[in-house]
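Novice: For reference, the structure I am asking about is given below.
Derivation of every value follows stated rules applied to the coordinates shown; laboratory data play no part. The structure displayed is predicted, hence computed values, not measured ones. No Cβ is skipped: glycine too gets one built from the backbone with ideal geometry, and neighbour counts run over all protein chains shown.
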Amino acid sequence: MSAPLASPITLTTDGACSANGRDGSRGGWAAILTDGAGGELVLTGGEAPSTNNRMELMAVLEGLRAAPEGSEVLLVTDSSYVANAISKGWLASWQRRGWKTAAKEPVANRELWERMLLELARHRRVTPTLVKGHAGHEANERADRLAQDAAKQDHLQPPPPAPPAPEPPAAAQMGFDF
């Protein structure tokens with residue numbers, strides 16, 4: 001077993017989703033945590049159906065969850081959705097407005113953003129850094145490949161629908177006499 005990561009930590013994340021937001025969509029995410037001593041932890045996962053924004057959020061959430069409490073985290077992401085929500089105060093504004101956007105629409109992925117608040121609070125500081133995706137940033141490119149691979153995993157297929165529940169027996173069949 002490898003030694004635990006030590007703060008400060010660089011968390012590089014990415015999300016991917018084929019058929020984004022449609023019934024047949026398959027999402028994957030990746031989080032790569034590294035520290036100054038050369039320690040590394042790589043996490044991946046996914047869901048189907050999903051959206052790209054959900055996968056971007058899941059990558060950050062799972063990466064922050066894996067970082068030791070009280071860490072200083074440099075978050076490297078190509079998601080302006082995630083970076084701006086944290087650094088430009090969108091998250092705080094959504095909360096103040098009762099989880100409504102500036103256009104008075106419900107905030108998408110609210111349950112994930114609520115989890116994000118908890119994860120952000122666990123750490124001394126989380127500083128988002130927005131990088132351009134697919135532009136040669138080595139760690140971001142690696143996270144992208146891992147997220148793409150995670151989206152293809154068979155275990156991400158949605159479970160088959162449950163069979164309909166049997167009809168409960170009528171009162172007369174249960175021995176009741178009316």
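Novice: For every other residue with a beta carbon closer than 15 angstrom to the beta carbon of residue 33, add +1 if it is Lys or Arg and -1 if Asp or Glu, then tell me the sum.
Specialist: Numbers: positive: 65, 122, 142; negative: 14, 35, 40, 62, 69, 72, 119.
After counting each charged neighbour, the total is -4.
Novice: So for region 9-160: antiparallel DSSP bridges make up what percent, rounded to the nearest 5?
Specialist: Values: 19 of 29 bridges.
Around 65 percent antiparallel, to the nearest 5.
Novice: Applying a 10 Å radius around every beta-carbon, put 117-130, 77-90 in order of their mean neighbour count, most first. Show your work: numbers first, answer last.
Specialist: On the way: 117-130: 14.8, 77-90: 18.4.
Peptide ranking by packing, descending: 77-90, 117-130.
Novice: Let me spell out the model: positive unit charges on the Cβ of Lys and Arg, negative unit charges on the Cβ of Asp and Glu, origin at the Cα centre of region 1-149. What dipole size does that give, in debye rounded to 20? Mind dumping the intermediate values first?
Specialist: Values: 17 positive and 18 negative charges, 144 e Å.
Dipole of region 1-149, to the nearest 20 debye: 700 debye.
Novice: Report the local net charge at residue 17: Lys and Arg +1, Asp and Glu -1, summed over other residues whose C-beta lies under 14 Å from its C-beta.
Specialist: The answer is -3.
Novice: What do you get for Rg/Rh of region 1-75 when both radii come from the Cα atoms and Rh is the Kirkwood radius?
Specialist: Working: Rg = 13.6 Å, Rh = 12.7 Å.
Rg/Rh for region 1-75 comes to 1.07.
Novice: I want the local charge near residue 7. Using Cβ-Cβ distances under 10 Å, sum +1 for each Lys or Arg and -1 for each Asp or Glu among the other residues.
Specialist: Details: positive: 124, 125; negative: 35, 69, 72.
Residues near residue 7 contribute -1 overall.
Novice: Label-point separation (nm) for residue 129 and residue 142, each offset 7 Å from Cα along Cα-to-Cβ?
Specialist: Here the answer is 1.4 nm between the modelled labels.
Novice: Okay, next question. Using a Cα-Cα cut-off of under 12 Å, which aspartates and glutamates could be cross-linked to residue 152, ignoring same-chain neighbours fewer than 8 residues away?
Specialist: Partners within reach: 47.
Novice: Quickly work out the residue 121-to-residue 93 label distance, labels modelled 7 Å from Cα along the C-beta direction, and quote it in nm with one decimal.
Specialist: Each label point lies 7 Å from its Cα, and together they span 2.3 nm.
Novice: Give the cross-link partners of residue 100 among the lysines, using a straight C-alpha distance below 25 Å as the criterion and excluding same-chain residues fewer than 8 apart.
Specialist: Straight-line reach from residue 100, under 25 Å: 88.
Novice: Per Stokes-Einstein, at 37 °C and 0.692 mPa s, what whole-number D in µm² s⁻¹ belongs to region 9-160, with the Kirkwood radius over Cα pairs as the hydrodynamic radius?
Specialist: This corresponds to a translational diffusion coefficient of 211 µm²/s.
Novice: Mind giving me the FRET efficiency for residue 69 and residue 114? R0 is 22 Å, r the Cβ-Cβ distance, nearest 0.05 is fine.
Specialist: Working: r = 19 Å, r/R0 = 0.84.
Efficiency computed from Cβ-Cβ geometry: 0.75.
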